[in-house]
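Chemist: Mind having a look at this structure? Questions to follow.
The values are calculated or read from the model by the stated rules, or taken from the named source; none is laboratory data. Quick caveat: nothing in here was measured; it's all calculated off a predicted structure. Backbone-built Cβ (ideal geometry, glycine too); neighbour counts: all protein chains shown. Keep in mind that these areas ignore ligands, DNA and RNA; they rest on the heavy atoms of the full protein, side chains included. Shrake-Rupley method; radii C 1.70, N 1.55, O 1.52, S 1.80 Å.
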Amino acid sequence: MRFVISREALIKPLQLVAGVVERRQTLPVLSNILLVAEGNQLSLTGTDLEVELIGRVELDEPAEAGSVTVPARKLMDICKSLSDDARIELELTGQKMVIKSGRSRFSLSTLPASEFPNVEDSPQAMQLTLPQASLRHLIEQTGFSMAQQDVRYYLNGMLLEVKDGTLRAVSTDGHRLATAVSEVEVGSDVQHQIIVPRKGILELARLLQGGENPVSLVIGANHIRANVGDFTFTSKLVDGKFPDYQRVIPRNGDKVMLGDRLELRQVFSRIAILSNEKYRGVRLSLSNGMLQVMANNPEQEEAEESVAVDYEGSSLEIGFNVNYLLDVLSILNSDVVRFTLFDSNSSALVEGFDEPDATYVVMPMRM
C-alpha cells in the first residue's frame with residue numbers, strides 16, 4: 001500500500017483515534033492503529049476492546065490499496081514533529097511502514113491488519129439524532145460526577161435515558177449526583193436506559209464539535225455507536241443496573257437560599273485553602289440574609305467568611321465537601337444559584353436559577 005497526505009489533513013483524525021489507544025496493552029496489536037487505504041480514502045481505527053474510533057480522510061490522489069497496523073504513538077509523534085505544511089508519503093515495504101517527508105525518513109514496524117480486533121455488532125434497539133451541541137452540553141453538565149474506580153462498576157459511567165421525548169444524562173459517584181435533560185425527536189412512548197462507560201463518554205465528548213451539526217446515536221443491546229461527521233465511535237455498554245436516581249433527588253426541602261454564583265464560588269475557593277486536605281470539609285451556617293462559611297484543619301488553622309444571601313427561615317448548620325460544591329458552581333451558567341435544604345443530615349439540591357434542565361444533589365458531611 002502507498003498513499004500521500006498533507007500533515008494538516010492527517011493530524012486531527014490521528015490524534016483523536018490514537019487517544020483511544022491505551023499505553024499499556026496485553027496484546028501488542030492494541031498499541032497500534034489500523035490504516036486502510038482504498039481509492040481516495042484513508043481510514044484510521046483505534047480500539048482498546050471497549051471503545052473503538054474510526055476516522056476517515058479524503059486523499060488528494062488515489063492510493064495504492066492496502067491495510068496494515070502501525071504503532072499509534074510513534075506515528076502521531078512523527079507527524080507532530082513535522083512542519084505544518086509538510087506532505088507525508090507512507091509506503092508499506094515488506095514488514096515496515098516507510099514514512100517520508102522532505103529530507104526525513106522513518107521506518108516503523110507493523111503488524112498484519114488481520115490481527116486487529118473489531119468491535120462486534122449487537123442487534124439495534126433504537127436510533128436517534130440530535131445536535132452535537134445538545135449532546136456535548138449534556139455530557140459537560142453531568143460528566144464531572146461520574147465515579148472513577150468504584151467497586152460499584154455501574155457508577156463508573158453515565159446513564160443515558162430516553163423517555164417522554166427527552167434524552168437525560170445522569171451520573172453519580174455515591175456522594176453527589178448530576179442530571180441534565182434535552183429534548184429529542186423520538187416517540188413519547190419510547191423508553192430506553194443504557195450505561196456508557198467513563199472512557200466512552202470522555203472520548204465521545206472529544207469528538208463532538210458543538211453547533212447544530214447532527215450526531216446520530218445507534219443504541220444496541222451491548223453497544224452504542226455515534227456517527228459524527230467523518231468519525232464513527234463505538235463503545236461497549238456497562239452491564240449493570242443504575243441506581244434509581246429519582247429516589248436520590250430530595251423533594252422535601254423547605255429552606256431555599258438564593259446567592260450570587262460567582263461570589264459563592266470565590267468564597268468557597270478562599271475558605272477551601274484551610275480545609276482538611278483529605279476530607280475537604282467546610283461548614284455552612286445559614287441565617288436570615290446571611291451565609292457564614294467556615295473551615296479548619298489538623299494544623300489548628302481556621303478560615304471563615306460571611307456572604308449576603310437571599311434567605312428567610314430558621315437557622316441551619318450543615319457540612320459539605322467543598323470540592324463538590326465548587327464543581328457544581330463551575331459548571332452552572334446562571335448568575336443566581338438556588339440551594340434547597342431540609343436539615344443538616346439531608347442532601348442539598350443545587351440548581352441554576354434559570355437553568356431548569358440541570359439538577360445537582362450533594363450529600364452532607366459530618367463535621
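Chemist: Test each condition in (1) open to solvent by 10 Å² or more (accessible area, probe 1.4 Å); (2) assigned to a strand (DSSP E or B); (3) touching a residue at least 60 places away in the same chain (Cβ under 8 Å); (4) not aliphatic (A, V, I, L, M) for S107 and report the one that comes out false.
Modeler: (3)
Chemist: While we're looking at this one, here's another question. Within the stretch 202-222, which residues are open to solvent by less than 20 Å² (accessible area, probe 1.4 Å) and in contact with an Asp or Glu (Cβ under 9 Å, 6 or more places away or on another chain)?
Modeler: Answer for the stretch 202-222, where residues must be open to solvent by less than 20 Å² (accessible area, probe 1.4 Å) and in contact with an Asp or Glu (Cβ under 9 Å, 6 or more places away or on another chain): just G220.
Chemist: Find the residue count for the stretch 36-48, including only residues that are under 28 Å from the mean Cα position of the chain (by Cα) and either in contact (Cβ under 8 Å) with a residue 60 or more places away in the chain or open to solvent by 10 Å² or more (accessible area, probe 1.4 Å) (or both).
Modeler: Looking only at that region, the number is 4.
Chemist: L258 is checked against (1) in a loop (DSSP other than H, G, I, E, B); (2) open to solvent by 30 Å² or more (accessible area, probe 1.4 Å) and fails just one. What number does that condition carry?
Modeler: Looking at each condition in turn, L258 falls short on (1).
Chemist: Are any residues in the stretch 49-62 of a type in the set (A, V, I, L, M, F, W, C) and buried (at least 17 other Cβ atoms within 10 Å of the Cβ), and if so, which ones?
Modeler: The answer is V51, L53, I54, V57, L59.
Chemist: Looking at Q209 and the list (1) out of contact with any Ser or Thr (no Cβ under 8 Å at 6 or more places or on another chain); (2) more than 20 Å from G229 (Cβ to Cβ); (3) of a type outside the set (A, V, I, L, M), which single condition is not satisfied?
Modeler: (2)
Chemist: Moving to a separate point now. I'm trying to understand the selection: among the residues of the stretch 264-302, which are open to solvent by 70 Å² or more (accessible area, probe 1.4 Å) and more than 22 Å from G174 (Cα to Cα)?
Modeler: Residues satisfying the conditions are R265, Q266, R270, I273, N288, M290, N296, P298, E299, Q300, E301, E302.
Chemist: Right, here's the next one. Criterion first (surrounded by fewer than 20 Cβ atoms within 10 Å (Cβ to Cβ), over 25 Å from Q209 (Cβ atoms) and modelled with pLDDT of 95 or more) does K100 satisfy it?
Modeler: The answer is yes for K100.
Chemist: Further, regarding this structure: Just give me the residues in the stretch 303-322 being open to solvent by 60 Å² or more (accessible area, probe 1.4 Å) and either hydroxyl-bearing (S, T, Y) or not in a strand (DSSP E or B) (or both), in sequence order. I'd like the intermediate steps shown before the answer.
Modeler: Within the stretch 303-322, the subset open to solvent by 60 Å² or more (accessible area, probe 1.4 Å) is 304, 306, 308, 310, 312, 314-315, 317.
Those that are open to solvent by 60 Å² or more (accessible area, probe 1.4 Å) and either hydroxyl-bearing (S, T, Y) or not in a strand (DSSP E or B) (or both): S306, E312, S314, S315.
Chemist: Quick one: is E277 over 30 Å from L49 (Cβ atoms) and modelled with pLDDT under 95? Show your work before the answer.
Modeler: Details: over 30 Å from L49 (Cβ atoms): yes; modelled with pLDDT under 95: yes.
Yes; evaluated as a whole, the condition is true for this residue.
Chemist: Quick test of your reading of the structure: L30 fulfils all but one of (1) on the phi < 0 side of the Ramachandran plot; (2) open to solvent by 10 Å² or more (accessible area, probe 1.4 Å). Name the failing condition by number.
Modeler: Status for L30: all satisfied but (2).
Chemist: What tally of residues in the stretch 117-154 results from selecting those that are open to solvent by 40 Å² or more (accessible area, probe 1.4 Å), farther than 22 Å from V215 by Cβ and modelled with pLDDT of 90 or more?
Modeler: Summing the residues that are open to solvent by 40 Å² or more (accessible area, probe 1.4 Å), farther than 22 Å from V215 by Cβ and modelled with pLDDT of 90 or more in the stretch 117-154 gives 6.
Chemist: Take the conditions surrounded by fewer than 18 Cβ atoms within 10 Å (Cβ to Cβ), more than 28 Å from L237 (Cα to Cα) and of a type outside the set (S, T, Y) and apply them to E89. Does it pass?
Modeler: Against the criterion (surrounded by fewer than 18 Cβ atoms within 10 Å (Cβ to Cβ), more than 28 Å from L237 (Cα to Cα) and of a type outside the set (S, T, Y)), E89 qualifies.
Chemist: Kindly indicate whether any position in the stretch 238-255 is in contact with an Asp or Glu (Cβ under 6 Å, 6 or more places away or on another chain) and open to solvent by 80 Å² or more (accessible area, probe 1.4 Å).
Modeler: Scanning the stretch 238-255, I find no residue that is in contact with an Asp or Glu (Cβ under 6 Å, 6 or more places away or on another chain) and open to solvent by 80 Å² or more (accessible area, probe 1.4 Å), so the answer is no.
Chemist: Take the stretch 333-352 and flag every residue that is aliphatic (A, V, I, L, M) and buried (at least 22 other Cβ atoms within 10 Å of the Cβ).
Modeler: V337, L341, A348, V350
Chemist: Is it fair to say S81 is among the small types (G, A, S) and open to solvent by 40 Å² or more (accessible area, probe 1.4 Å)?
Modeler: For S81, the condition - among the small types (G, A, S) and open to solvent by 40 Å² or more (accessible area, probe 1.4 Å) - is met.
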